[in-house]
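The values are calculated or read from the model by the stated rules, or taken from the named source; none is laboratory data. What you are looking at is a predicted structure, and each value in this text was computed from that prediction instead of being measured. As a convention, Cβ positions derive from the backbone with ideal geometry for all residues, glycine included, and neighbour counts pool all protein chains shown. The accessibility values were calculated without ligands, DNA or RNA, using every heavy atom of the protein model including side chains. Shrake-Rupley method; radii C 1.70, N 1.55, O 1.52, S 1.80 Å.
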Amino acid sequence: MANPILPEDSLSTADTATELSPALYYHAHPRPGKIEVVSTKPLNTQTDLSLGYTPGVAEVCLEIHRDPKLAGAYTSKSNLVAVISNGTAVLGLGNIGPLASKPVMEGKAVLFKKFANIDVFDLEVNETDPDKFVEIVAALAPTFGGINLEDIKAPECFYIEEKLREKLDIPVLHDDQHGTAIIVCAAFINSMKLTGKNIADVKLVCSGAGAAGLACMNLLVDLGVKQSNITLVDIDGVIHAERGNLTKQHKPFAHATQNRTLAEALVGADYFFGLSAADILKPEMLLTMAEKPVIFAMANPRPEIDPDLARKTRPDAIIGTGRSDYPNQINNVLGFPYLFRGALDCGSITFNTEMKLAAARALAELAQKAAEPALASAYKGSKLKFGPDYIIPKPFDTRLLSTIAPAVAKAAMDTGVATRPIPDLAAYAAALHETIDQSFSIMRQIYNLARTNPKRVVYPEGEDPRILQTAQTVVQEQLAHPIILGRKDIVREQIAELGLSMVEGTDFTLIDPQTDDQLDEFTEAYYQIRQRDGVTRNEAAVHLRSRWMIWACLMVKFGQADAVVCGISGRFMRYLPLAANLVNGRSGIDHIFALQLFMSKDRLLFLADTHVQTNPSAEQIAEMTHLACQEVESFGIKPRVALLSHSNFGSSRTPQSLKMQDARRIINQRWPHIEVEGEMQADTALNMDVMNRIFPASKLSEPANVLIFPDIDSANISFNLMRMTAPNADYIGPILLGMEQPIHILSVDAPVHRAVNLSALAVVHAQGYGRNPIPSTRKTTR
């Protein structure tokens, strides 16, 4: 059940959600003024059943009867869209009927859920009479928060959409028209920016005068293109003033002209829009177009001209298609999920022109920004940098939701069609992003802290594409100044191949340890540190040239960098000894530990020690707990610690359980402010009902959020089980605790966003948060 934006007076006379009756609270559980996607409610007891259904549900019915606007708060209506078709114009298949259209409608439902978390009922209606179809849909409308009309043939689709908009107070959209138009409009905006042409002068030719073609041209007119500069061409040729039997939709584009064919219309044209049929655009036609032509050949699966042929014929052209295997795909999925998300969340009663233009402009602006580095793995071989081959974002850009939906909602509010205005659009955008990136909410404050005083972060694996993408994001987010170690020719080649925009010398520093002027100096320093560990001068020189982690640690040690982030191309225990041998431990700290932050939809947990200490003593567990609590507090979270065991509060007396008991006593003596309890089993730690039943005297006020394990096996196994069985969860770490300077070692499978998160955390650590950077000469032990 979804409950997007609810103003404080939208539920009842109760001041807060907790003052609602149990039945209303069960069905709504709102947080007035905030975004909330409510999870499925429990249905485990007789009480749950009486609230979820009869008799409790009757109270909810009466509330909605009293005030129909409350349906959006107490039911799924405000997050439910109908995808409706009669199957008369299905993809390129034509009139195949409602039943055969069902796979397309189900696919559309999947896209709504995947990209905007919107629930969908697909409805295939066996009715071709437009008036009867309107009656059926209008009768079903109370169920839904919005209606997406799909695959309905022209000209009936125009009439059906118009009549439903007149009848209903929820947004109605024929996506084949307006979804396509929004993406085309965004591509047009950016192509104009690249070609430098004047919107008042450009000449457009559109092949295809059906629903999509007309919607595209109408939205471009709304954007500022002169209608007199647009020529429509259909199967019978140019639509001109002397043609008969024109519909009211076509008449505004029927100009006085001598042109009668597509070839004639294209002479001197700046734009070709194809929403028609395969192979109708010939190379000789392209040669007659204006300088720097723009060709959007969108027929599927075969476009109006083969993109490779178009490129060969006009190398100066910008080319877009409807296909995913070529640049600049005009894909409706870039629009409709986010258009509906914004409209639903502000309670819009319609989709107006301003909302569609806001979506197009937001989409265009997003393409002008540096692409998310993580997209490179999804689109290998593509250079995702704003330019002729990248004028619209890719469908898997995670910023689409938090960029387009707020723009749409703002336009709805500005034009007076929003019934639930969103008070804080920035907070709304952030909340939307959190639904995609589990780490975003917790990392937002870390990013903000990092930006206040960016530090120098050195990356010893600078030739790895993920590290270069991480550095790009770090620069883009203004988190740090990256120092990249690697062979300069290879790094520069990778940056060019990945299409990254960061500038060497300004945005980042590039050092080749094999040839750098400091090689001799660092070799001697490393030799002096390691000579009693059996390292000779010759070996030191070899190590410095081949083990760039050593170089990175020396940079931190000598104040040339502030933090190290590494590990993306090697094992954790390959890097840890190198760091421990070169970087001192914090004053008063005798050991290094590793902490993992695990984030699922409804729970946030810190786990230690998952990587370093094999079988820590009670003393080490106490020290680990203290350091972990400091780290947790740096996230703005109050730590509640559970010391885990197979035993519950003395139920079993084994060496491991007794060790955890001893650790608790040490913690209570040295750090009495820490909220810690144990030893206990994991279910006890995470379930207060179990806790209160087994040990009512527990000091934990809420379920534990810091889990301390008795040994590395139990910690590591538990962490990996958690992340493998919760595919939608995310994690940050491992976070090394106990070192004087921040050295963080990624897992080898870490994607870019985790490397960026750990980089931001390293910067915050270098600033002094969560640790006490007092100089120390003690060598850290493992």
Inset, instruction - Would you confirm whether any residue within segment 557-570 is acidic (Asp, Glu) and either in a strand (DSSP E or B) or under 18 Å from Ile745 (Cα atoms) (or both)? - result: yes
Inset, instruction - Considering each residue of segment 310-341, count those that are touching a Leu at 6+ places or on another chain (Cβ under 8 Å) and among the small types (Gly, Ala, Ser), and give that number. - result: 3
Inset, instruction - Report, by residue number, each residue of segment 280-319 that is open to solvent by 20 Å² or more (accessible area, probe 1.4 Å), over 18 Å from Thr195 (Cα atoms) and among the charged types (D, E, K, R). - result: Lys282, Glu284, Arg302, Asp306, Asp308, Lys312
Legend entry - First in segment 396-423 and over 21 Å from Leu173 (Cα atoms), second anywhere and assigned to a loop (DSSP other than H, G, I, E, B), Cβ under 6 Å, 6 or more apart: Asp397/Glu372; Ile422/Ile5; Ile422/Cys346
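Being part of a helix (DSSP H, G or I), surrounded by 16 or more Cβ atoms within 10 Å (Cβ to Cβ) and at pLDDT below 90: is that true of Met724 here?
Working: part of a helix (DSSP H, G or I): yes; surrounded by 16 or more Cβ atoms within 10 Å (Cβ to Cβ): no; at pLDDT below 90: yes.
So Met724 fails the test.
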Legend entry - Unique match (being at pLDDT below 90 and among the aromatic types (Phe, Trp, Tyr)) among Phe635, Phe709, Phe606: Phe635
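Take the conditions touching a residue at least 60 places away in the same chain (Cβ under 8 Å) and either within 41 Å of the chain's Cα centre (by Cα) or open to solvent by less than 50 Å² (accessible area, probe 1.4 Å) (or both) and apply them to Gly274. Does it pass?
Working: touching a residue at least 60 places away in the same chain (Cβ under 8 Å): yes; either within 41 Å of the chain's Cα centre (by Cα) or open to solvent by less than 50 Å² (accessible area, probe 1.4 Å) (or both): yes.
Considered against the rule, which asks whether it is touching a residue at least 60 places away in the same chain (Cβ under 8 Å) and either within 41 Å of the chain's Cα centre (by Cα) or open to solvent by less than 50 Å² (accessible area, probe 1.4 Å) (or both), Gly274 comes out as yes.
Which of the residues belonging to segment 78-110 are open to solvent by 50 Å² or more (accessible area, probe 1.4 Å) and touching a residue at least 12 places away in the same chain (Cβ under 8 Å)?
As a first pass, look at segment 78-110 and keep what is open to solvent by 50 Å² or more (accessible area, probe 1.4 Å): 91-93, 95-96, 99-100, 102-103, 106, 110.
Within segment 78-110, Leu91, Gly92, Asn95, Leu99, Ala100, Lys102, Glu106 meet the criteria.
When you check Asp512 against the structure, is it among the charged types (D, E, K, R) and out of contact with any Lys or Arg (no Cβ under 6 Å at 6 or more places or on another chain), yes or no?
Details: among the charged types (D, E, K, R): yes; out of contact with any Lys or Arg (no Cβ under 6 Å at 6 or more places or on another chain): no.
Considered against the rule, which asks whether it is among the charged types (D, E, K, R) and out of contact with any Lys or Arg (no Cβ under 6 Å at 6 or more places or on another chain), Asp512 comes out as no.
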Inset, instruction - Pairs only if they're at least six apart or on different chains, beta carbon under 7 angstrom, first in segment 592-619 and within 14 Å of Lys659 (Cβ to Cβ), second among the aromatic types (Phe, Trp, Tyr) and not in a loop (DSSP other than H, G, I, E, B); list them, first residue then second. - result: Asp609/Phe593; Gln613/Phe593
Legend entry - Count of residues meeting criterion [farther than 11 Å from Val457 by Cβ, open to solvent by 30 Å² or more (accessible area, probe 1.4 Å), modelled with pLDDT of 60 or more and of a type outside the set (Asp, Glu)] in segment 748-782: 6
Legend entry - Residue, farthest from Ile349 (Cα to Cα), within segment 132-164, restricted to residues that are open to solvent by 70 Å² or more (accessible area, probe 1.4 Å) and of a type in the set (Lys, Arg): Lys153
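If you go through segment 497-512 one residue at a time, do you hit one that is assigned to a helix (DSSP H, G or I), touching a residue at least 40 places away in the same chain (Cβ under 8 Å), under 36 Å from the mean Cα position of the chain (by Cα) and closer than 23 Å to Asp749 by Cβ? Don't jump to the end; show me each part of the working.
We begin by selecting, within segment 497-512, every residue assigned to a helix (DSSP H, G or I); these are 497-498.
Pick out the ones that are also touching a residue at least 40 places away in the same chain (Cβ under 8 Å) and you get 497-498.
Among the residues that remain, those that are also under 36 Å from the mean Cα position of the chain (by Cα) are: 497-498.
Next cut, closer than 23 Å to Asp749 by Cβ only: 497-498.
The answer is yes, given that some residue of segment 497-512 is assigned to a helix (DSSP H, G or I), touching a residue at least 40 places away in the same chain (Cβ under 8 Å), under 36 Å from the mean Cα position of the chain (by Cα) and closer than 23 Å to Asp749 by Cβ.
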Legend entry - segment 165-178, residues that are open to solvent by 10 Å² or more (accessible area, probe 1.4 Å) and under 16 Å from Phe121 (Cα atoms): Ile170
Inset, instruction - Keeping to segment 354-393, report how many residues are at pLDDT 90 or above, aliphatic (A, V, I, L, M) and part of a loop (DSSP other than H, G, I, E, B). - result: 2
Inset, instruction - Starting from residues that are over 31 Å from the mean Cα position of the chain (by Cα) and among the hydroxyl-bearing types (Ser, Thr, Tyr), keep the ones in segment 179-228 and report whichever is most open to solvent (accessible area, probe 1.4 Å). - result: Ser228
Legend entry - Selection count where residues are over 21 Å from Asp270 (Cβ atoms) and of a type outside the set (Phe, Trp, Tyr), scope segment 307-357: 27
Legend entry - Unmet requirement for Ile189, which otherwise passes all of (1) modelled with pLDDT under 95; (2) within 17 Å of Met355 (Cβ to Cβ): (1)
Legend entry - Checking Val184 against (1) outside any strand (DSSP E or B); (2) free of Cβ contacts under 8 Å to residues at least 40 places away in the same chain, the condition it does not meet: (2)
Inset, instruction - From the list Gln669, Gln620, Gln681, pick out the single residue that is open to solvent by less than 60 Å² (accessible area, probe 1.4 Å) and either more than 22 Å from Ile442 (Cα to Cα) or touching a Phe, Trp or Tyr at 6+ places or on another chain (Cβ under 9 Å) (or both). - result: Gln620
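Residue by residue, here is whether (1) hydroxyl-bearing (Ser, Thr, Tyr); (2) assigned to a loop (DSSP other than H, G, I, E, B); (3) in contact with a Pro (Cβ under 6 Å, 6 or more places away or on another chain) holds:
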site	(1), (2), (3)
Ala209	no, yes, no
Asp222	no, no, no
Thr247	yes, yes, yes
Glu284	no, no, no
Ala290	no, yes, no
Pro301	no, yes, no
Glu304	no, yes, no
Asp308	no, no, no
Arg311	no, no, no
Legend entry - Of all residues in segment 558-587 being touching a residue at least 40 places away in the same chain (Cβ under 8 Å), open to solvent by 30 Å² or more (accessible area, probe 1.4 Å) and farther than 21 Å from Asn716 by Cα, the one that is nearest to the chain's Cα centre (by Cα): Asp562
Inset, instruction - Look at Phe121 and say whether it is out of contact with any Pro (no Cβ under 8 Å at 6 or more places or on another chain), farther than 25 Å from Ala358 by Cα, among the aromatic types (Phe, Trp, Tyr) and open to solvent by 10 Å² or more (accessible area, probe 1.4 Å). - result: yes
Inset, instruction - Would you check if there is a residue in segment 369-389 being open to solvent by 10 Å² or more (accessible area, probe 1.4 Å), touching a Lys or Arg at 6+ places or on another chain (Cβ under 8 Å) and closer than 30 Å to Ser76 by Cβ? - result: no
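Please indicate, with yes or no, whether at least one residue in segment 328-338 is assigned to a loop (DSSP other than H, G, I, E, B), open to solvent by 20 Å² or more (accessible area, probe 1.4 Å) and touching a Gly at 6+ places or on another chain (Cβ under 9 Å).
Step one: filter segment 328-338 for residues assigned to a loop (DSSP other than H, G, I, E, B), giving 328, 330-331, 335.
Cutting the leftovers down to open to solvent by 20 Å² or more (accessible area, probe 1.4 Å) gives us 331.
From the residues that got through so far, the ones that are touching a Gly at 6+ places or on another chain (Cβ under 9 Å) too are 331.
Yes, because at least one residue in segment 328-338 is assigned to a loop (DSSP other than H, G, I, E, B), open to solvent by 20 Å² or more (accessible area, probe 1.4 Å) and touching a Gly at 6+ places or on another chain (Cβ under 9 Å).
For residues in segment 491-507 being hydrophobic (A, V, I, L, M, F, W, C) and open to solvent by 50 Å² or more (accessible area, probe 1.4 Å), which is nearest to Met555 (Cα to Cα)? Let's see the steps before the verdict.
Taking segment 491-507 first, the residues hydrophobic (A, V, I, L, M, F, W, C) are 491, 495-496, 498, 500, 502-503.
Next, only the ones that are open to solvent by 50 Å² or more (accessible area, probe 1.4 Å) stay: 496, 503.
On the way: Ala496: 27, Val503: 22 Å.
If we take residues in segment 491-507 being hydrophobic (A, V, I, L, M, F, W, C) and open to solvent by 50 Å² or more (accessible area, probe 1.4 Å), then Val503 is nearest to Met555 (Cα to Cα).
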